[in-house]
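K.L.:
Before I ask anything, let me first share the structure, which is written out below as C-alpha coordinates.
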Amino acid sequence: MRPIYTTLALCIVFSSCTKNDLIKNPASEYFPNTVGNYWKYKYVDSISNKSVFVYVNITGNTVLPNGQNAKIWVYTFPDHTVTNFVCQVGDTTRFIDSPGLSVRYTYITPLRLNNTWRTSPDYIYDSTHVDDNSVYFLNNQDFVNSFLLQEYGHLPNQYWGRSEWFCPNIGIVTKSEKSLFTLADETSSVYWELVEYNLK
(Lines give C-alpha, C1' and ligand atoms only; values in the text may rest on other atoms or scores of the structure.)
Protein backbone atom coordinates (compact mmCIF):
# COMPACT_ATOMS: atom_id res chain seq x y z
CA MET A 1 0.00 0.00 0.00
CA ARG A 2 2.88 2.40 0.71
CA PRO A 3 3.94 2.72 -2.97
CA ILE A 4 0.39 3.81 -3.83
CA TYR A 5 0.42 6.54 -1.19
CA THR A 6 3.90 7.62 -2.33
CA THR A 7 2.71 7.86 -5.92
CA LEU A 8 -0.33 9.87 -4.88
CA ALA A 9 1.83 12.22 -2.85
CA LEU A 10 4.21 12.74 -5.78
CA CYS A 11 1.29 13.42 -8.10
CA ILE A 12 -0.04 16.04 -5.72
CA VAL A 13 3.39 17.67 -5.43
CA PHE A 14 3.99 17.75 -9.18
CA SER A 15 0.46 18.97 -9.87
CA SER A 16 0.98 21.79 -7.40
CA CYS A 17 4.31 22.74 -8.93
CA THR A 18 2.88 22.77 -12.43
CA LYS A 19 0.02 24.98 -11.34
CA ASN A 20 2.32 27.46 -9.63
CA ASP A 21 4.75 27.52 -12.56
CA LEU A 22 2.14 28.67 -15.08
CA ILE A 23 2.96 32.30 -14.35
CA LYS A 24 6.51 33.40 -13.57
CA ASN A 25 9.34 35.90 -13.89
CA PRO A 26 8.05 39.50 -13.78
CA ALA A 27 10.07 42.14 -15.62
CA SER A 28 12.48 44.67 -14.15
CA GLU A 29 10.76 47.41 -16.21
CA TYR A 30 7.52 49.09 -15.14
CA PHE A 31 6.25 48.63 -18.70
CA PRO A 32 7.88 45.42 -19.98
CA ASN A 33 9.43 46.16 -23.39
CA THR A 34 12.62 44.11 -23.71
CA VAL A 35 13.61 41.78 -26.53
CA GLY A 36 13.01 38.19 -25.41
CA ASN A 37 9.88 38.93 -23.36
CA TYR A 38 7.09 36.39 -23.83
CA TRP A 39 3.39 36.18 -22.92
CA LYS A 40 0.75 33.57 -23.65
CA TYR A 41 -2.94 34.56 -23.73
CA LYS A 42 -6.25 32.83 -24.05
CA TYR A 43 -8.08 34.71 -26.81
CA VAL A 44 -11.85 34.49 -27.11
CA ASP A 45 -13.82 35.90 -30.04
CA SER A 46 -17.44 35.94 -28.88
CA ILE A 47 -18.80 36.82 -32.34
CA SER A 48 -17.30 33.79 -34.09
CA ASN A 49 -17.44 31.71 -30.89
CA LYS A 50 -13.73 30.90 -31.22
CA SER A 51 -11.20 30.37 -28.43
CA VAL A 52 -7.48 29.98 -29.14
CA PHE A 53 -4.08 30.67 -27.58
CA VAL A 54 -2.05 33.64 -28.76
CA TYR A 55 1.70 33.86 -28.19
CA VAL A 56 3.23 37.32 -27.85
CA ASN A 57 6.98 37.77 -28.29
CA ILE A 58 9.23 40.83 -28.45
CA THR A 59 11.55 39.76 -31.25
CA GLY A 60 13.83 42.69 -32.04
CA ASN A 61 14.45 46.38 -32.61
CA THR A 62 13.61 48.62 -35.54
CA VAL A 63 13.55 52.27 -36.59
CA LEU A 64 10.28 53.70 -37.88
CA PRO A 65 10.10 56.03 -40.92
CA ASN A 66 9.90 59.06 -38.58
CA GLY A 67 13.20 58.06 -36.97
CA GLN A 68 11.72 56.68 -33.74
CA ASN A 69 13.27 53.59 -32.20
CA ALA A 70 10.79 50.79 -31.55
CA LYS A 71 10.56 47.23 -30.34
CA ILE A 72 8.94 44.60 -32.57
CA TRP A 73 6.01 42.75 -30.93
CA VAL A 74 4.76 39.66 -32.77
CA TYR A 75 1.34 38.16 -31.93
CA THR A 76 1.16 34.56 -33.16
CA PHE A 77 -2.34 33.20 -33.72
CA PRO A 78 -2.96 29.63 -34.95
CA ASP A 79 -3.57 30.85 -38.51
CA HIS A 80 -1.77 34.21 -38.80
CA THR A 81 0.57 36.69 -37.11
CA VAL A 82 0.14 40.37 -36.25
CA THR A 83 3.04 42.78 -35.74
CA ASN A 84 3.05 45.93 -33.62
CA PHE A 85 5.84 48.43 -33.07
CA VAL A 86 6.18 49.77 -29.52
CA CYS A 87 7.80 53.17 -28.99
CA GLN A 88 8.72 54.62 -25.61
CA VAL A 89 9.50 58.33 -25.22
CA GLY A 90 9.65 59.69 -21.67
CA ASP A 91 6.51 58.63 -19.81
CA THR A 92 4.64 57.66 -23.00
CA THR A 93 4.44 54.18 -24.53
CA ARG A 94 2.63 53.75 -27.84
CA PHE A 95 1.62 50.63 -29.77
CA ILE A 96 1.74 51.26 -33.53
CA ASP A 97 0.25 48.81 -35.97
CA SER A 98 1.89 47.41 -39.07
CA PRO A 99 1.74 48.21 -41.93
CA GLY A 100 -0.56 51.22 -41.37
CA LEU A 101 1.65 52.83 -38.70
CA SER A 102 -1.36 54.21 -36.82
CA VAL A 103 -1.39 54.39 -33.02
CA ARG A 104 -3.47 51.61 -31.46
CA TYR A 105 -2.84 52.12 -27.73
CA THR A 106 -1.12 54.67 -25.53
CA TYR A 107 0.04 54.28 -21.92
CA ILE A 108 1.20 57.13 -19.68
CA THR A 109 3.33 55.63 -16.91
CA PRO A 110 3.56 55.32 -14.04
CA LEU A 111 -0.18 54.74 -14.03
CA ARG A 112 -2.16 56.82 -11.53
CA LEU A 113 -5.77 56.56 -10.49
CA ASN A 114 -8.10 58.97 -12.37
CA ASN A 115 -5.50 59.95 -14.96
CA THR A 116 -6.85 60.44 -18.51
CA TRP A 117 -5.05 60.80 -21.84
CA ARG A 118 -5.65 60.71 -25.57
CA THR A 119 -5.37 57.14 -26.81
CA SER A 120 -4.39 58.11 -30.35
CA PRO A 121 -3.35 61.49 -31.77
CA ASP A 122 -5.30 60.52 -34.90
CA TYR A 123 -8.68 60.70 -33.14
CA ILE A 124 -10.05 63.58 -31.09
CA TYR A 125 -12.76 61.48 -29.45
CA ASP A 126 -10.65 58.61 -28.16
CA SER A 127 -9.42 58.64 -24.58
CA THR A 128 -8.16 56.25 -21.92
CA HIS A 129 -9.00 56.68 -18.24
CA VAL A 130 -7.56 54.93 -15.16
CA ASP A 131 -10.67 53.78 -13.30
CA ASP A 132 -9.32 51.60 -10.49
CA ASN A 133 -6.14 50.58 -8.68
CA SER A 134 -6.32 47.37 -6.69
CA VAL A 135 -5.29 43.72 -6.46
CA TYR A 136 -6.60 41.74 -9.44
CA PHE A 137 -7.13 38.00 -8.92
CA LEU A 138 -6.82 35.62 -11.88
CA ASN A 139 -6.10 31.88 -12.11
CA ASN A 140 -5.06 31.59 -8.46
CA GLN A 141 -2.64 34.50 -8.76
CA ASP A 142 -2.81 37.92 -7.09
CA PHE A 143 -1.68 40.71 -9.41
CA VAL A 144 -0.84 43.36 -6.83
CA ASN A 145 -1.14 47.07 -7.62
CA SER A 146 -3.03 46.50 -10.88
CA PHE A 147 -4.85 49.23 -12.78
CA LEU A 148 -8.15 49.14 -14.64
CA LEU A 149 -7.94 51.13 -17.90
CA GLN A 150 -11.10 52.11 -19.77
CA GLU A 151 -10.91 53.36 -23.34
CA TYR A 152 -13.80 54.85 -25.28
CA GLY A 153 -13.68 56.28 -28.79
CA HIS A 154 -16.05 57.15 -31.58
CA LEU A 155 -16.40 58.49 -35.10
CA PRO A 156 -19.68 59.43 -36.82
CA ASN A 157 -20.42 55.80 -37.76
CA GLN A 158 -18.10 53.83 -35.50
CA TYR A 159 -17.76 53.16 -31.78
CA TRP A 160 -15.11 51.23 -29.87
CA GLY A 161 -14.16 50.48 -26.29
CA ARG A 162 -11.53 48.64 -24.27
CA SER A 163 -11.50 47.47 -20.65
CA GLU A 164 -8.07 46.31 -19.51
CA TRP A 165 -6.38 45.26 -16.29
CA PHE A 166 -2.69 46.14 -16.41
CA CYS A 167 -0.12 45.08 -13.80
CA PRO A 168 3.22 46.95 -13.65
CA ASN A 169 6.28 44.74 -14.39
CA ILE A 170 3.97 42.16 -16.01
CA GLY A 171 1.74 43.87 -18.56
CA ILE A 172 -1.80 43.17 -19.69
CA VAL A 173 -3.57 40.65 -17.44
CA THR A 174 -7.00 40.75 -19.08
CA LYS A 175 -8.43 42.86 -21.89
CA SER A 176 -11.90 43.14 -23.45
CA GLU A 177 -12.33 45.01 -26.73
CA LYS A 178 -15.55 45.80 -28.56
CA SER A 179 -16.30 47.81 -31.69
CA LEU A 180 -19.29 48.64 -33.85
CA PHE A 181 -19.33 49.98 -37.41
CA THR A 182 -22.90 51.04 -38.05
CA LEU A 183 -22.78 51.55 -41.82
CA ALA A 184 -21.67 47.99 -42.51
CA ASP A 185 -23.38 46.51 -39.46
CA GLU A 186 -20.04 45.06 -38.34
CA THR A 187 -19.31 44.24 -34.71
CA SER A 188 -16.38 42.67 -32.90
CA SER A 189 -15.95 41.49 -29.35
CA VAL A 190 -12.76 39.83 -28.12
CA TYR A 191 -11.31 38.94 -24.73
CA TRP A 192 -7.66 38.34 -23.75
CA GLU A 193 -6.64 36.48 -20.57
CA LEU A 194 -3.06 35.97 -19.41
CA VAL A 195 -2.02 32.31 -19.12
CA GLU A 196 1.75 32.55 -18.62
CA TYR A 197 4.67 34.86 -19.11
CA ASN A 198 8.46 34.94 -18.98
CA LEU A 199 9.96 38.42 -18.82
CA LYS A 200 13.39 39.98 -18.47
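K.L.:
Being in a loop (DSSP other than H, G, I, E, B) and either closer than 15 Å to residue 31 by Cβ or among the charged types (D, E, K, R) (or both) is the filter here; which residues of segment 107-130 pass it?
P.N.:
Initial filter on segment 107-130 (in a loop (DSSP other than H, G, I, E, B)): 109-115, 119-125.
If the condition is that a residue be in a loop (DSSP other than H, G, I, E, B) and either closer than 15 Å to residue 31 by Cβ or among the charged types (D, E, K, R) (or both), then 109, 110, 111, 112, 115, 122 are the ones that fit.
K.L.:
Hey, residue 148 hits all of (1) buried (at least 17 other Cβ atoms within 10 Å of the Cβ); (2) in contact (Cβ under 8 Å) with a residue 24 or more places away in the chain but one; which does it fall short on?
P.N.:
(2)
K.L.:
Then there is this: Looking only at segment 26-37, decide whether some residue is surrounded by 12 or more Cβ atoms within 10 Å (Cβ to Cβ), modelled with pLDDT under 95, among the hydrophobic types (A, V, I, L, M, F, W, C) and closer than 24 Å to residue 111 by Cα. Before you say what the answer is, go through the steps one by one.
P.N.:
Kept after step one, since they are surrounded by 12 or more Cβ atoms within 10 Å (Cβ to Cβ), are these residues of segment 26-37: 26-27, 29-35, 37.
Next, only the ones that are modelled with pLDDT under 95 stay: 26-27.
Pick out the ones that are also among the hydrophobic types (A, V, I, L, M, F, W, C) and you get 27.
Subset that is closer than 24 Å to residue 111 by Cα: 27.
For segment 26-37, residues surrounded by 12 or more Cβ atoms within 10 Å (Cβ to Cβ), modelled with pLDDT under 95, among the hydrophobic types (A, V, I, L, M, F, W, C) and closer than 24 Å to residue 111 by Cα: present.
K.L.:
Does residue 52 count as at pLDDT 95 or above and loosely packed, with under 13 Cβ neighbours inside 10 Å?
P.N.:
On the way: at pLDDT 95 or above: yes; loosely packed, with under 13 Cβ neighbours inside 10 Å: yes.
Judged against the criteria, residue 52 is a match.
K.L.:
Any residue at all in segment 166-181 that is in a loop (DSSP other than H, G, I, E, B) and more than 15 Å from the chain's Cα centre (by Cα)? So that I can check it myself, show each step before the final result.
P.N.:
Going through segment 166-181, the residues in a loop (DSSP other than H, G, I, E, B) turn out to be 168-170.
Then drop every residue that is not more than 15 Å from the chain's Cα centre (by Cα), which leaves none.
No; the residues of segment 166-181 include none that is in a loop (DSSP other than H, G, I, E, B) and more than 15 Å from the chain's Cα centre (by Cα).
K.L.:
Within segment 152-165, count every residue that is assigned to a strand (DSSP E or B), surrounded by fewer than 19 Cβ atoms within 10 Å (Cβ to Cβ) and over 14 Å from the mean Cα position of the chain (by Cα).
P.N.:
7
K.L.:
Sort through 140, 66, 84, 133 and tell me the only one that's under 25 Å from residue 27 (Cα atoms) and surrounded by fewer than 13 Cβ atoms within 10 Å (Cβ to Cβ). Quick ask: steps written out before the conclusion?
P.N.:
Values: 66 fails: under 25 Å from residue 27 (Cα atoms); 84 fails: surrounded by fewer than 13 Cβ atoms within 10 Å (Cβ to Cβ); 133 fails: surrounded by fewer than 13 Cβ atoms within 10 Å (Cβ to Cβ).
Matching residue, one of 140, 66, 84, 133: 140.
K.L.:
Which of (1) surrounded by 18 or more Cβ atoms within 10 Å (Cβ to Cβ); (2) in contact (Cβ under 8 Å) with a residue 60 or more places away in the chain is the odd one out, the single condition residue 109 does not satisfy?
P.N.:
(1)
K.L.:
In the list 39, 73, which residue meets the criterion of being part of a strand (DSSP E or B), touching a strand residue (DSSP E or B) at 6+ places or on another chain (Cβ under 7 Å), touching a residue at least 60 places away in the same chain (Cβ under 8 Å) and farther than 27 Å from residue 185 by Cα? Steps first, please.
P.N.:
Working: 73 fails: touching a residue at least 60 places away in the same chain (Cβ under 8 Å).
That would be 39, the only listed residue that is part of a strand (DSSP E or B), touching a strand residue (DSSP E or B) at 6+ places or on another chain (Cβ under 7 Å), touching a residue at least 60 places away in the same chain (Cβ under 8 Å) and farther than 27 Å from residue 185 by Cα.
K.L.:
Here are the criteria: (1) at pLDDT 95 or above; (2) of a type outside the set (Phe, Trp, Tyr); (3) out of contact with any Gly (no Cβ under 8 Å at 6 or more places or on another chain). Tell me which single one residue 177 does not satisfy.
P.N.:
(3)
K.L.:
Name, by its number, the condition in (1) touching a residue at least 12 places away in the same chain (Cβ under 8 Å); (2) assigned to a strand (DSSP E or B); (3) charged (D, E, K, R); (4) more than 18 Å from residue 31 (Cβ to Cβ) that does not hold for residue 104.
P.N.:
Failed condition: (4).
K.L.:
Mind telling me which of the residues 122, 45, 91, 79 ends up being exposed (fewer than 15 other Cβ atoms within 10 Å of the Cβ) and closer than 15 Å to residue 175 by Cβ? Quick ask: steps written out before the conclusion?
P.N.:
Details: 122 fails: closer than 15 Å to residue 175 by Cβ; 91 fails: closer than 15 Å to residue 175 by Cβ; 79 fails: closer than 15 Å to residue 175 by Cβ.
Answer to the check: 45.
The values are calculated or read from the model by the stated rules, or taken from the named source; none is laboratory data. Since the model is a prediction, treat every value here as computed from it, not as a measurement. Cβ sites come from the backbone with ideal geometry, for glycine too, and all protein chains shown count toward neighbours.
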